[in-house]
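Everything on this sheet refers to the single structure shown next.
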Amino acid sequence: MNMLPVPFAVYFDPTNQELVLSGKMRPESAAMIADALRLVQQSLEKYSGVVYLNVKRLTHINMTAFAALSDLLKESCRNRPERKIVIITSSVVAWSTALFQTLAATEPNLAIEVYDSAFYPGQSFVEDETFIPILRTQTKMTWRHERELLPRHGLRSGLVVADICCGIGDFAALVQREFAPARLVALDHSVRSLEYARRIAADFDLQGIEYTYGDASQMLLRDNQFDFVTCRHSLQIFNRPEILLRELYRICKPGGRVYITNEKNSHCLGEPHAETIKWTYEEVAKLFRHFDMDVEMGPKSRHLLADAGFDEIKVDCFMVTNLDGDPQDFADIIEAWENVYAGEMAVRRGDSLEFIRRFRQGFRDHVFAALHPKGYAGWPIWAASGRKPL
Amino acid sequence: MKEEASNFDDHAFAPMVSMEMNVGMFKSQWQFCDRITEYLSDILGQGHSDPARYSNFLSVATNELVELAFRSTGEPGRISFDLYRSATFNRLRIAFPCEEGSDREHARARSSERQPILGAASGYPVESDGTVPLANLAAIFRAAIRIEKDGTRGIQIIADFPSTEDFQ
């Protein structure tokens, strides 16, 4: 049994005047966290205006640590009544807001703000409920390929599986039905997506999936408990994918595997109108980059997994095309992309009407290619997995 | 304390897990508090609509009680951790040998509902107004926590947590 203290981290970001506490703080005495307390005290003494104490990724605290932290905060509030302290909690960690609220109740210059959105830069774009049918269609089309690939990456029946960033839970439902895991945990940061996932599971009489509301970059799941961890189409929309990979690694058992899928949008293709389609998807990549997302990540999967400490890395690339089932499904996906990318993201970036017109044309040509009786339209995806070393 | 205890039908609780340890072993490493807490909390989370989150939620209160036992017991003997479940509550019971001086501290605590105060001598954090943060925890978790004598030289901490917490 590993009895080393579970780590926590504390640092001060002077740019945002933000103290960040994360991890698990369960010291036997306040002396054991003296360095952290000193940093909190020094930061509070040095800065004016508003100082933020970010505890949204503080997953555990004992009352020894809380009491020591409380004493510091209260003393600081009373010594500097003109300076405000804002504690940022997370709706994921269910005890956090209520516990820190006990401090706000006694100190007028201390306030609590609950963080329950913007877990990643593009969250508002992809969690629009109108997007749900398209997400289902996407999974239907990718599943045809992944169903065949997953066993090669180590998925088999009877494993303990986690699907991180499960969205509306359709992939988890397919895994539950087709691979009969011993246990399946499905985590997402969208309450509405999880509600939808639970409803679908109930409608389809799918039992046993444990849905959990969580922040993938600081999960409440314990270390080393899953044989197979999946994270699909999600690393590419986090601005710090290495943090997410670190968490996937942490919850994976030694000898278990982490499976990720990502795209390379600039390689979406079609005939006829190859040139306009190519131009539009190259612009899609730039547009996502503007919002701190990397939809060109697919081919980087091997590099990312290696840097995160995985070995025995496997990489596959498959092309979802208009020939996979009904071409209208493919066309529906492209139309949904056009609506979000050209209709919302480009507008929010401040693009000109002329740019948006040309940008839309590439999507429309892609739809044309998908539905043309002799046309071909493709969407490439990289599936990669790595083993956590024994 | 009898009034509080009478709020609960003890017979309605079915045992879920029972774990026993030598006190000397338990006291040998502070980290045992964390490991035992996580083990118990994982089990408490089972059956909830969001097991991971409910486990984490209860682990804060559970950990405090496990740490309270760690700080309170120094006697030779065994410490036991038991979980029970009823239709509406999850119950944690920690029973351990405790010297007589601590008994008196506990006796005072029993007179104060939801304040299982051990006092400064136990090393438990006590705030300047004389209350302990554990009282706040009981309110946050809507838990009923009580401390009772268990025979002549024993103490038991009993915490009942509602099983219907809704995080959605």
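The values are calculated or read from the model by the stated rules, or taken from the named source; none is laboratory data. Keep in mind the model is a prediction, meaning the values are calculated, not measured. Heads up, the Cβs are rebuilt from the backbone with ideal geometry, glycines too, and the neighbour counts pull from every protein chain shown.
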Those residues of the stretch A:275-334 which are of a type in the set (Phe, Trp, Tyr), in contact with a strand residue (DSSP E or B) (Cβ under 7 Å, 6 or more places away or on another chain) and under 23 Å from A:Lys140 (Cα atoms), in sequence order: A:Phe318, A:Phe330
What number of residues in the stretch A:329-355 are modelled with pLDDT of 95 or more and polar (S, T, N, Q)? 1
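Test A:Leu304 against the criterion of being over 26 Å from A:Asp365 (Cα atoms), of a type outside the set (Asp, Glu) and either at pLDDT 95 or above or over 19 Å from the mean Cα position of the chain (by Cα) (or both), and give yes or no.
Yes.
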Taking the stretch A:183-205, which residues are within 13 Å of B:Asp50 (Cα to Cα) and of a type in the set (D, E, K, R)? A:Asp188, A:Glu195, A:Arg198
I need every pair where a residue in the stretch B:27-39 that is in contact (Cβ under 8 Å) with a residue 24 or more places away in the chain and over 14 Å from B:Leu65 (Cα atoms) has its Cβ under 8 Å from the Cβ of a residue that is of a type outside the set (D, E, K, R) and buried (at least 20 other Cβ atoms within 10 Å of the Cβ), sequence separation at least 6 or different chains. B:Lys27/B:Phe70; B:Lys27/B:Thr73
Of the residues in the stretch A:287-325, how many are free of Cβ contacts under 8 Å to residues at least 60 places away in the same chain and among the basic types (Lys, Arg)? 2
Testing A:Val315 on (1) under 20 Å from the mean Cα position of the chain (by Cα); (2) under 22 Å from A:Leu150 (Cα atoms), one condition comes back false. Which one is that? (1)
Hey, any hits in the stretch A:70-86 for a residue that's crowded, with 17+ Cβ neighbours inside 10 Å, part of a loop (DSSP other than H, G, I, E, B) and within 10 Å of another protein chain (Cβ to nearest Cβ)? no
Would you confirm whether any residue within the stretch B:71-82 is within 13 Å of chain A (Cβ to nearest Cβ) and without any contact (Cβ under 8 Å) to a residue 12 or more places away in the chain? no
Identify, by number, the condition in (1) closer than 20 Å to B:Ile147 by Cα; (2) within 14 Å of chain A (Cβ to nearest Cβ); (3) out of contact with any Pro (no Cβ under 8 Å at 6 or more places or on another chain) that B:Ile43 doesn't meet. (1)
Given (1) in contact with a helix residue (DSSP H, G or I) (Cβ under 8 Å, 6 or more places away or on another chain); (2) surrounded by fewer than 17 Cβ atoms within 10 Å (Cβ to Cβ); (3) farther than 27 Å from A:Arg289 by Cα, number of the condition A:Ala201 does not satisfy: (2)
Would you confirm whether any residue within the stretch A:255-267 is among the charged types (D, E, K, R) and surrounded by fewer than 19 Cβ atoms within 10 Å (Cβ to Cβ)? no
Restricting to the stretch A:5-33, give me the number of residues that are in a strand (DSSP E or B) and more than 11 Å from chain B (Cβ to nearest Cβ). 12
Of the residues in the stretch B:22-38 that are of a type outside the set (Asp, Glu) and within 10 Å of chain A (Cβ to nearest Cβ), the one that is nearest to B:Tyr84 (Cα to Cα) is B:Thr37
Among the helices (runs of 4 or more DSSP H) confined wholly to the stretch A:162-271, which include 1 or more residues that are within 14 Å of another protein chain (Cβ to nearest Cβ), in contact (Cβ under 8 Å) with a residue 60 or more places away in the chain and among the charged types (D, E, K, R)? A:191-203, A:241-251
Suppose the filter is at pLDDT 85 or above, more than 14 Å from chain A (Cβ to nearest Cβ) and outside any loop (DSSP other than H, G, I, E, B); does B:Phe161 pass it? no
Could you name every one of the helices (runs of 4 or more DSSP H) located completely within the stretch A:311-390 that has at least 2 residues being surrounded by 15 or more Cβ atoms within 10 Å (Cβ to Cβ) and in the same structural domain as A:Ile251 (by TED's automatic domain parsing)? A:327-340, A:353-371
